[in-house]
Amino acid sequence: MGFLVAASSEAAADYKGDLERVAGEIKNTPPRPGVEQAAPASGARPAWCGPLTEAPYLGGMTSHLGSYYEDPVNKVYALVGAAEALCKNDTSQPVIKLATREIVQLWMNIYGLSAPDAVESLKITVAKGARDAGQKKACTALALDDEIGGAERAFIRAKRDLFDCPGSIDQRISSMGSSPMVALVPWLDSSAKAPDELVRLAFVSKEVDAFVNAKGDYRDKVLLGYAINQFDFKDLDPKAALHAVSNDPALKGNAWAQVVVKETLGQTRLAMMAMQDEIKKKTDKDPDWKMLLITAPQQGYNDWLAASAKYKAELQRSAEFEQTAFGPSRKANAGCQKALKADLVPILKSLKRTTATEFLAEMNKHPVAGLLFRRLQACVAVDGDKMAAKEMLKINGIRVMRGPRVAAYYAVMDALGKIRADRTKFSVQESDIPIERQDILEQLTYDLARDATPTGYSVWDGKGVIKTMKKGKDGINVVFAKDKQQIWSQSCKQLNRIIMFANDGRPIYDQSCTGKVITADVSPDPINVPEHLAEGLAPGRQVSFGVSNSQDRRISMPFEIYADKKGKNLVGYYGIEIK
């Protein structure tokens, strides 16, 4: 027994000596800007430690801390090792109390957490398997359903990004590397149901992280994304995010998920502080950068909100259609044209429309006309004439302003064009402004019209003034007024003299041609317009149209209808009457 007591006393003395030896290796790290100072440790066992069940020993605690001190970047695992090793010690010892406070402070500095939240985070991290189990539980609950599309799918994907869920085949690389979450912007701009704050946190955290990791000249391109993303940066509500993770059915009761949200909020807050400092320095120094990052986007954002305010109901109805169209049931969209057309037509009637060119220009000036038009187009694909919807897709140059963020984008693009006209070596260009290149509504229309006849209404096209109309077996039979014009007519005969040989060896012969000016009727042959596309047709009106490959039946879709034979005053546009 005496030997055991002596051995125990010797071990205790050795341990005390070890503590004295390493005391100077523990730094008193101050809090980083934006982080509070950790209070001195009380000496009680930290929450991430269980009871001490063996003789205390250092267990590599200070070596782990030393590894962290040498290179704190990407060395979180070293700090975790220090926290685990600390649990093998007598936490009432002064040196271990210093180490406890140091580990908590370093963890607070990494994640921007309060002291209690840092301890909670360390507890989840140190616990064997707790993080993996929590992540698996969250990611399983946030699984993507193949039948879910549109905004709902985009928001689930964002949450999966937030919790770093692996193995999602639905993920795609953004077309804008400087803005990793750019594909989410259209859905943040316009969705039938606003996302919860976890979606916004996923967006903001990933975008700010791109700034943190940007180096050299590329940093300007990442900063340019701030012009579009600043509104979500400013609107991020930490309390709402914490409420969401506590109440989301997929995440409720998941302590790991709650810790991840707190960590992400803290790190994002610190990164945004650094980003704001850099932006202030840049915009104070260079007025053109202030125009790009502050003045122009805020003006575009606010102008869209003000101009679109009176169309709140119309936007909501079309957004609800869009979400249903991305869903599993085609039948759910039955009758969509009536409501969507009723919302769109009064807007189109209010636009100047002497010509189609002017009409499109005026549509692009309107805050919601392009969006409502393209959503109606998708409706036509699912609840109307699929070939007609495909023809509508061929209209080029319609700006679809889904919301204030896209409006900010166009404002920045216009401003940058003016800057580059003056500063030809400016560090960024229009193509660097982050925007989702994939047109959501174009892809939706293609998907909904996928089983349509391969060839639409534009195999042949024509233009004429309507003489008569009558109902027939193929819809409305339209006969055009004669259009007599003087044209050059010639006839040629082949001569025996070879001029040259073609690449394949065929001889090319000389010709003798004679011709004269004749009067001819150049009016189109009669067409048959399906009744659902015949809005706005009337005798005396000029119409341009496309004809399908239906041979002699000449099934047709009107593209542009004008009030008179001179082609002025647009009154019909791709099946929509706007007189």
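The values are calculated or read from the model by the stated rules, or taken from the named source; none is laboratory data. All values reported here derive from a predicted model rather than from experimental measurement. When we count neighbours, we look across all protein chains shown, and the Cβ atoms used for this are built from the backbone with ideal geometry, even at glycine.
Remarks
- So Gly370, is it of a type in the set (Gly, Ala, Ser), touching a residue at least 24 places away in the same chain (Cβ under 8 Å) and touching a Lys or Arg at 6+ places or on another chain (Cβ under 6 Å): yes
- Filtered residues of region 520-579 (kept if surrounded by 15 or more Cβ atoms within 10 Å (Cβ to Cβ), at positive phi and free of Cβ contacts under 8 Å to residues at least 60 places away in the same chain): Gly536, Arg554
- Per-region count, region 118-148, residues surrounded by fewer than 18 Cβ atoms within 10 Å (Cβ to Cβ) and polar (S, T, N, Q): 1
- Residues in region 1-43 that are of a type in the set (A, V, I, L, M, F, W, C), more than 24 Å from Gly60 (Cα to Cα) and at pLDDT below 95: Met1, Phe3, Leu4, Val5, Ala6.
- Hits in region 80-102 - residues which are closer than 30 Å to Val212 by Cα and free of Cβ contacts under 8 Å to residues at least 40 places away in the same chain: Gly81, Ala82
- Test: residue in region 275-282 that is more than 16 Å from Lys234 (Cα to Cα) and surrounded by 20 or more Cβ atoms within 10 Å (Cβ to Cβ): no
- Qualifying positions in region 448-495 - without any contact (Cβ under 8 Å) to a residue 40 or more places away in the chain and within 33 Å of the chain's Cα centre (by Cα): Arg450, Pro454
- Note on region 191-241: among residues that are of a type in the set (Asp, Glu) and more than 16 Å from Asp161 (Cβ to Cβ), the one that is surrounded by the most Cβ atoms within 10 Å (Cβ to Cβ) is Asp220.
- Of all the residues in region 440-490, those that are surrounded by fewer than 15 Cβ atoms within 10 Å (Cβ to Cβ) and assigned to a loop (DSSP other than H, G, I, E, B) number 9.
- Screening the candidates Lys290, Lys310 for the property of being surrounded by fewer than 18 Cβ atoms within 10 Å (Cβ to Cβ) and farther than 16 Å from Asn229 by Cα yields one hit, Lys310.
Here is a yes/no grid of residues against (1) within 17 Å of the chain's Cα centre (by Cα); (2) assigned by TED's automatic domain parsing to the domain that holds Pro367; (3) assigned to a helix (DSSP H, G or I):
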| position | (1), (2), (3) |
| --- | --- |
| Leu184 | yes, no, yes |
| Ser191 | yes, no, no |
| Ala194 | yes, no, no |
| Leu201 | yes, no, yes |
| Val212 | no, no, yes |
| Gly216 | no, no, no |
| Arg219 | no, no, yes |
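- Failed item in (1) in a loop (DSSP other than H, G, I, E, B); (2) touching a helix residue (DSSP H, G or I) at 6+ places or on another chain (Cβ under 9 Å); (3) of a type outside the set (A, V, I, L, M); (4) free of Cβ contacts under 8 Å to residues at least 24 places away in the same chain, with Arg437 passing the rest: (4)
- Meets criteria (outside the structural domain of Thr29 (by TED's automatic domain parsing), touching a residue at least 60 places away in the same chain (Cβ under 8 Å) and at positive phi) for Gly150: yes
- The single condition among (1) of a type in the set (Asp, Glu); (2) in contact with a Pro (Cβ under 6 Å, 6 or more places away or on another chain); (3) outside any loop (DSSP other than H, G, I, E, B) that Glu147 does not satisfy is (3).
- Output for region 328-345, where each listed residue is among the polar types (S, T, N, Q) and part of a helix (DSSP H, G or I): Asn333, Gln337
- Extreme residue, farthest from the chain's Cα centre (by Cα), among residues of region 500-554 that are assigned to a loop (DSSP other than H, G, I, E, B) and at pLDDT below 85: Gly505
Yes or no, residue by residue, for (1) of a type in the set (Lys, Arg); (2) more than 17 Å from Ser190 (Cβ to Cβ); (3) part of a helix (DSSP H, G or I):
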position	(1), (2), (3)
Lys290	yes, yes, yes
Ala296	no, yes, yes
Tyr301	no, no, yes
Tyr311	no, no, yes
Ala361	no, yes, yes
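Let's see how each residue does on (1) aliphatic (A, V, I, L, M); (2) outside any helix (DSSP H, G or I); (3) touching an Asp or Glu at 6+ places or on another chain (Cβ under 9 Å):
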residue: Lys234; (1), (2), (3): no, no, no
residue: Ala244; (1), (2), (3): yes, no, yes
residue: Leu251; (1), (2), (3): yes, yes, no
residue: Leu265; (1), (2), (3): yes, no, no
residue: Ala271; (1), (2), (3): yes, no, yes
residue: Lys282; (1), (2), (3): no, no, yes
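- Filter result for Gly266 (outside the structural domain of Val73 (by TED's automatic domain parsing), out of contact with any Ser or Thr (no Cβ under 8 Å at 6 or more places or on another chain), within 30 Å of Val76 (Cα to Cα) and surrounded by fewer than 16 Cβ atoms within 10 Å (Cβ to Cβ)): no
- Boolean, Ala38 is over 21 Å from Val212 (Cβ atoms), outside any helix (DSSP H, G or I), under 41 Å from the mean Cα position of the chain (by Cα) and of a type in the set (A, V, I, L, M): yes
- Failed criterion for Arg375 (all others in (1) outside any helix (DSSP H, G or I); (2) within 30 Å of Gly327 (Cα to Cα) hold): (1)
- In region 361-381, residue surrounded by the most Cβ atoms within 10 Å (Cβ to Cβ) [restricted to those that are within 25 Å of the chain's Cα centre (by Cα) and farther than 23 Å from His532 by Cα]: Val368
- Selection from region 40-56 of residues that are buried (at least 16 other Cβ atoms within 10 Å of the Cβ) and closer than 18 Å to Ala13 by Cβ: Pro56
- Those residues of region 20-40 which are of a type outside the set (D, E, K, R), in contact (Cβ under 8 Å) with a residue 12 or more places away in the chain and over 22 Å from Gly266 (Cα atoms), in sequence order: Val22, Ala23, Ile26
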